[in-house]
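The values are calculated or read from the model by the stated rules, or taken from the named source; none is laboratory data. Only a predicted model underlies this, so the values are computations on that prediction, with no experimental measurement involved. Note that we place each Cβ from the backbone using ideal geometry, even for glycine, and neighbour counts take in every protein chain shown. Note: accessible area is taken over every heavy atom of the protein model, side chains too, but ligands, DNA and RNA are not part of it. Shrake-Rupley method; radii C 1.70, N 1.55, O 1.52, S 1.80 Å.
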Amino acid sequence: MNDKPYDLILWGATGFTGRLVAEYLLKQYGIGKSLRWAIAARSEDKLKSTRQELGESGIPIIIADSHNPASLIAMVEQTCVVCTTVGPYALHGSLLVQTCVEQGVDYCDLTGEVPWIRRMIDQHHQTAASKGVKIVHCCGFDSIPSDLGVKFLQEYAYKTYGNYCQQIRLRVKAVKGGLSGGTYASLKNVLHEAHADHQVAALMDNPYSLNPLQMQQVKDQKDLKGIAFDKDFHSWTGPFAMAGINTRIVRRSHALAGFPYGNNFTYEEATLTGRGFSGKLKATLMAKVIEKMTQKHKSILLRIADYFLPDPGEGPSKTQRESGFFKMALTGELADGQSVGAIVTGDRDPGYGSTSKMLGESAVCLALDRDQLPLTYGVLTPAIAMDKVLRNRLQEHAGLKFKIAQRESI
């Protein structure tokens, strides 16, 4: 692997998020230093334009097409890790995953597309595991804070009390950031699949849809779709838009680890909206908007969103990204009634400013820290593939913080 020209190749560097990841890698690791990396896409002109915008003519560029097998093989053969931002992944990502598995190359992405991840698991997990390859989905805001946050809190619970939490809840306390056209396009594609195929819809409704098929327990609850009052936080809660992917990634991590928290472990996520009538109203509006947007692929709300939201390749401004942030609280309950808590924070817009740093560090972790990573292979989650090695990288370089906090202070 070390004889290859590059440690990692960033695929999709001409897109909105891809440019942000390239910008981060250049700022953090430079060119010709500890990390050997290149940018790739199907358009040479756009790649040169991206390189010019970054102000570094020394970044190597590679031309390939997501639907051209020969070009993908030629690209993948040159690297130890492929990091991709090209979505919707169900439309543009399958052949790349297959190529990475066949060539024995590690892979990471930003997808939140549950049906597609399920297909990748079914098609490639066993082969990737047998070949010592790590295929790691969801290396951004969905689902690193949730996945690594749960692992962090459980480690603390076991170290402090000798047992794991039987229940963990994540509450989104504050989020500030914008939406890119690429993310919205992926969301619409998932909705289209679900409305066109009842099996996909059932998959989306199954809390354990990403678990190994023989480990799809049925004891956990489905994601919150309405509103509820959280007595611990003294706040109303509404649905969290990312819960549909985050909860399934956390459960897959638990299953792949061999159910260390026990078969009765439960996990759920929601958004805090505040107390009183105003908090209840916010939660109700949030629930109604999400319900209407997901009920029908061509709902009126989706048509309105089509008009106002950005197209693929567009997203929040630099000022919006840098002024953004997120704060998430996790609370855990042990079987004996003990409780623990943690806070996960990010210093940039969660969807893009922070996500680009999370993905960049995930790729670097796979590329440079392989000897320190867990000996786990296949189609994995961030926690199972990289665990605390990635968490330490994110805290050192990417502006994330994982902190244990007293229950009453979070």
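How many of the residues making up the range 15-47 are at negative phi, over 20 Å from the mean Cα position of the chain (by Cα) and open to solvent by 10 Å² or more (accessible area, probe 1.4 Å)?
Count: 13.
Could we say that ASP3 is among the acidic types (Asp, Glu) and open to solvent by less than 70 Å² (accessible area, probe 1.4 Å) here?
no
Among the residues of the range 293-328, write down those that are closer than 21 Å to MET242 by Cβ, part of a helix (DSSP H, G or I) and at pLDDT 75 or above.
Those that are closer than 21 Å to MET242 by Cβ, part of a helix (DSSP H, G or I) and at pLDDT 75 or above: GLN320, ARG321, SER323.
Yes or no: the range 77-94 includes at least one residue that is open to solvent by less than 10 Å² (accessible area, probe 1.4 Å), among the polar types (S, T, N, Q), closer than 30 Å to LEU191 by Cα and in a helix (DSSP H, G or I).
No, that holds for no residue.
Within the range 208-237, which residues are under 22 Å from ALA342 (Cβ atoms) and either within 20 Å of the chain's Cα centre (by Cα) or not hydrophobic (A, V, I, L, M, F, W, C) (or both)?
Result: ASP220, GLN221, ASP223, LEU224, ASP230, LYS231, ASP232, HIS234, SER235, THR237.
Return the residues of the range 107-164 that are in a loop (DSSP other than H, G, I, E, B) and open to solvent by 10 Å² or more (accessible area, probe 1.4 Å); say none if nothing qualifies.
Matches in the range 107-164: LEU110, GLY112, GLY132, PHE141, ASP142, GLY162, ASN163, TYR164.
For TRP236, all conditions in the list (1) among the aromatic types (Phe, Trp, Tyr); (2) closer than 13 Å to ALA270 by Cβ; (3) part of a helix (DSSP H, G or I) hold save one; what is the number of the exception?
Here TRP236 clears every test but (3).
Between residues in the range 201-223 that are free of Cβ contacts under 8 Å to residues at least 24 places away in the same chain and within 21 Å of ARG119 (Cβ to Cβ) and residues that are surrounded by 15 or more Cβ atoms within 10 Å (Cβ to Cβ) and of a type in the set (Ser, Thr, Tyr), which pairs lie under 9 Å by C-beta distance while being six or more apart or on different chains?
Within 9 Å, the pairs are ALA202/SER209; GLN216/TYR208; GLN216/SER209.
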